[in-house]
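These notes are about the structure you will find just below.
The values are calculated or read from the model by the stated rules, or taken from the named source; none is laboratory data. Small disclaimer: the values here were computed from a predicted structure and weren't measured. Accessible surface areas use protein heavy atoms only, side chains included; no ligands, DNA or RNA. Shrake-Rupley method; radii C 1.70, N 1.55, O 1.52, S 1.80 Å.
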Amino acid sequence: MTITVAELAKKVGAELQGAGEGRIRGLGTLVSAQADELTFLANPKYRPYLATSQAGAVLCTAEMAADCPVPALVVPNPYLAFAQLSQLFALTPIATQGVHPRAVVAESAQLEAGVSIAAGAVVEERAIIGENTVVMANSVVGEGVVLGKNVRIYPNVTLYHGVSIGDNTIVHAGSVIGADGFGFAFGEGHWHSVAQVGSVCIGANVNIGANVTIDRGAIEDTVVADGVILDDQVHLGHNVEVGEHSALAGKAGISGSSRIGRYCMIGGAVGLAGHLELADQVNILGMTLVSKSITKPGTYGSALPADNERNWRRNAARFRKLDELYRRVVQLEKKVIEN
Amino acid sequence: MTITVAELAKKVGAELQGAGEGRIRGLGTLVSAQADELTFLANPKYRPYLATSQAGAVLCTAEMAADCPVPALVVPNPYLAFAQLSQLFALTPIATQGVHPRAVVAESAQLEAGVSIAAGAVVEERAIIGENTVVMANSVVGEGVVLGKNVRIYPNVTLYHGVSIGDNTIVHAGSVIGADGFGFAFGEGHWHSVAQVGSVCIGANVNIGANVTIDRGAIEDTVVADGVILDDQVHLGHNVEVGEHSALAGKAGISGSSRIGRYCMIGGAVGLAGHLELADQVNILGMTLVSKSITKPGTYGSALPADNERNWRRNAARFRKLDELYRRVVQLEKKVIEN
Amino acid sequence: MTITVAELAKKVGAELQGAGEGRIRGLGTLVSAQADELTFLANPKYRPYLATSQAGAVLCTAEMAADCPVPALVVPNPYLAFAQLSQLFALTPIATQGVHPRAVVAESAQLEAGVSIAAGAVVEERAIIGENTVVMANSVVGEGVVLGKNVRIYPNVTLYHGVSIGDNTIVHAGSVIGADGFGFAFGEGHWHSVAQVGSVCIGANVNIGANVTIDRGAIEDTVVADGVILDDQVHLGHNVEVGEHSALAGKAGISGSSRIGRYCMIGGAVGLAGHLELADQVNILGMTLVSKSITKPGTYGSALPADNERNWRRNAARFRKLDELYRRVVQLEKKVIEN
């Protein structure tokens, strides 16, 4: 794949500043990009590196373009334009169409045109695989699963019976969708499992990272709406609902029946207790514990940041008596006022 | 599967209030259940929805039954009875008995009657698979593994050599049981691994969620006792012991050699340091760090709950000087008393 | 495998105290070891058990050896010597050389001498598998992957296209290396993925636990240096770099572009924000949030330890007004000084 700088400009509606005939063959960072590579400048922190960039072209704002020593593609949102153009240079191998002789596809499964089922993949009874969808090596598509068009299931994924996934959605390797929710009733001295008869419904244009777990619903479905992006090792408990275009960073864990609104940003390793609601546009900072519903958009946090061990130990010890400290201050206030 | 309301009542010893001849075909929520569906009312929070329920039958307590507009199945513990009856309506596909032609089973493996080994599953030398046990697609049963009766191994599970699993235990997809414990000695400028010659011993009636990891013991075994339930992405380090009927929620992580008692409840994303002991009936709230043994039953916590960013930043900044604040209060107390 | 006590002493340069002709067949703990088992004493906490040990030999320091009732192997670092000798008794099954008839290996893949490719494993186009490397059942080695010599890939692992792994490295089951980094630009009301054209470069003598995820780089590579050890369920985001001989405990999560120095110790469930740098020899205690770079070697923490629910609730409530409490103390100080 090679393309001229001028053609790149056209594709994202950029104003070209400088020569447009250079040919671009790949992507680079502002520091590393060579004369045949495209790069971008979005974070002002990296601006000092612009003046010495040897890139074939730099996506940047008009204000930054003034200092650009090489062809600049001027756009209002350089990172967005970079995302769009980056796809031209993607290196993900193209899947071979058809069913590999070492795949196992049930007779009752329905495969649309252009489907690719790789070696070792197993597609079970009555599954429906949409046009141009790819199921990679050793993934398992359970009974009655419905996959839309252009879905990509990376290797070693497990989709349990009845799960549905919308068009253009990507599921990275090792993820498990539709395992039983953690529903148990205690009685007679032991746990009794509650049959999980709901399923999981994943929308279109969703991105699911590696080793994610999304449990099936107890009665109704667990739902991930269109455009949601989930990073690696995210966990969604049964009957969780994630609203359109929300983003959950690595290792976030959402307990059963909690509902996340639209356009939320959930940081890494955040934990939500069960049965909560988060309004639209709620941002949760990394490692925060959310134990109550949040009804207002905004940013929320709770984790304490690292300190050196000595300070941390001292302060943590004082924390154990924070309520007592509070009471001592109240007493002091009384005394001082009396005085 | 259809069954009358009266027959359901009989199965759980419920007192039937109202007509018993209606036929039930599935499960629903109090709000969604139709005339052919069973539901339950356990959480008083949902009581307002009872009066308008259109369910075929509602499992509830005697006290709640007074307001029930449809047939009520009166029991002391409605959620427990629902768990028991829910299994009648479970939708988990029934596995085909026998060894799929695309499975790979070592000649020295021993398969009891009624076993199901699915496509792509690999059963290695000298493994023993008990009666009616199911090994689903692409799972790997290592050398010398022993599985009891009615065990269900979902797809893409890995059981390392020598692991043993008791009757009726379920292992959800992607879980890894018996990988080497994280045992390394530092010396000569690098890490030296310690051979992990113990194994993992899982009891009967255990539930293991998806993408769980349970490491094999260093010398002796890692042990999960009968009736334990583990949610998705739980991690048990080497030589951990979990006592009977304890429950670990999603993403809980237990460091090496720690021992959890019986009937404990470990919340989501809880972390236990290594070499600790938790007494029986200890409950740990979500995201808590447990760094010392706990000898008394009860409930314990440590994580701070979310606040808005502004408050959180201010309070977190003050926390860094909490010890100093304490000292200032002590000084004040001295001065005020002197006065 | 059996070996005499004297031979064991020789292998680690230990001074033998007592008889050397006993034959050792396995490993035991100080308490459990029998006359044909080797054990060690490193932690002074276990010293009381030395006097009654029935082991065939005990690795210990000279100072401890005085109390040893059985043959002692005197070394300066007993745990290190135990690690070295433990490998003689390792029980990990030896892989059968060659390509299993049920493996799928692309014609363009290159397999060096002594390679073992197990049933259900899939090796894609142009992959290169070094001498004596083992790919276990149902693992997937993507296009153009390069594995060094004596690498061991446990079952159900996924290596994406282009990943490279150095000699003697071990990857435990269920791990995913090379999935796309979590790179998305927001615009026009939705997320646009940024093609991840970097790869993952894993050094030699690395240990990767089970269900680990290491994402491929956005432009340049994600890098794990020689001798690093990663426990189960660790997550490394795109473009993370981990320096030589650092150790990351279970469930640690490192956000994109963060760089960890050499000889660091990262505790369980620690979270690093993105774009940080950690100096060499930085130790982070379990469950700590690291949100700023750390430039000095030393030990750091942030998580609060468990307390009983009542105290925890009270103190956590006071924490929400810690800044206010601080201001009240400042007011008091002013008043008291005025007085």
### Task
Quick one: P(r) of the range C:123-212 from all Cα-Cα pairs, 10 Å bins, percents rounded to integers, in order of increasing distance.
19, 48, 20, 11, 3, 0
### Cα-based radius of gyration of the range B:169-222 once divided by 2.2 N^0.38 Å, which approximates compact folds
1.37
#### Entry: Among beta bridges that DSSP assigns inside the range C:1-99, antiparallel share in %, nearest 5
40
### Query
Where does the range A:61-118 land on Rg(C-alpha)/(2.2 N^0.38 Å)?
2.08
### Query
Which whole-number percent of Cα pairs in chain B have a distance greater than 31 Å?
53
## Note on the structure
Applied in sequence order to the range A:127-141, the curve 6.51 cos²θ - 1.76 cosθ + 1.60 (Karplus, θ = phi - 60°) yields integer Hz couplings, x standing for Gly and Pro, of 5, 10, 10, x, 3, 6, 6, 10, 10, 8, 3, 6, 7, 10, 10
### Accessible area, probe 1.4 Å, largest first, for residues C:GLU21, C:GLU241
C:GLU21, C:GLU241
### Message
Taking amide H atoms as placed 1.01 Å from N in the peptide plane, list the residues 5 or more away in sequence, or in a different chain, whose amide H sits under 5 Å from that of B:ARG262.
### Response
B:ASP280, B:GLN281
### Summary
Expressed in angstrom, Rg and Dmax over the Cα atoms of the range B:109-157 are 9.2, 23
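Taking both sides together, what accessible area is buried at the A/C interface, probe 1.4 Å, expressed in Å² and rounded to the nearest 100? Don't jump to the answer; show the numbers that get you there.
Details: alone 18980 and 19010 Å², together 31810 Å².
Interface between A and C: roughly 6200 Å².
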### Query
For the range A:151-276, which whole percent of the accessible surface, found with a 1.4 angstrom probe, sits on carbon and sulfur atoms?
49
### Query
Residues with amide H under 5 Å of C:ILE24's amide H, sequence separation 5 or more or different chain, H placed in the peptide plane at 1.01 Å from N; which?
C:ILE3, C:THR4, C:VAL5
### Summary
Partner aspartates and glutamates whose C-alpha sits under 17 Å from that of A:LYS11, ignoring same-chain residues fewer than 8 away, are A:GLU21, A:GLU37, C:GLU188
### Query
Karplus couplings for the range A:56-61 from phi (6.51 cos²θ - 1.76 cosθ + 1.60, θ = phi - 60°), rounded to Hz, Gly and Pro as x?
x, 6, 10, 7, 7, 7
### Task
Could you check how many percent of all C-alpha pairs in the range A:299-339 are farther apart than 17 Å?
54
### Value of [θ]222 nm, deg cm²/dmol, for chain C, DSSP H segments ≥ 4, -39500 (n - 2.57) each, nearest 500
-4000 deg cm²/dmol
### Query
Can you list, bin by bin at 10 Å, the percent of alpha carbon pairs in the range B:45-160, starting at 0?
14, 33, 13, 14, 18, 8, 0
### Summary
Residue-ordered couplings for the range C:224-233, obtained by feeding phi - 60° into the Karplus form 6.51 cos²θ - 1.76 cosθ + 1.60 and rounding to whole Hz (Gly and Pro as x), are 10, 7, 4, x, 6, 10, 10, 7, 4, 6
### Task
Give the shape of the range A:209-287 as rounded, prolate or oblate, defined through the alpha-carbon gyration tensor: a ≥ b ≥ c are the square roots of its eigenvalues, a/c under 1.5 means rounded, and otherwise the shape is prolate if a/b is larger than b/c and oblate if not.
rounded
### Task
Per residue, how big is the convex hull around the C-alpha atoms of the range B:257-307? Give it to me in cubic angstrom, could you?
66
### Task
Report Rg(Cα)/(2.2 N^0.38 Å) for the range A:1-51, keeping two decimals.
1.16
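Could you tell me which of the pairs A:LYS296/B:LYS251; A:LYS292/C:LYS251; A:LYS45/C:LYS321; A:LYS149/A:LYS296; A:LYS292/C:LYS335 are separated by over 32 angstrom between their Cα atoms in the structure shown?
Check vs 32 Å cut-off fails for A:LYS45/C:LYS321; A:LYS149/A:LYS296; A:LYS292/C:LYS335.
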### Message
Which three extents, in angstrom, do the Cα atoms of the protein assembly as shown have along their principal axes, listed largest first?
### Response
91, 84, 83
### Message
Could you work out what % of the accessible surface of the range B:34-113 is carbon and sulfur, using a 1.4 angstrom probe and leaving DNA, RNA and ligands out of the count?
### Response
56
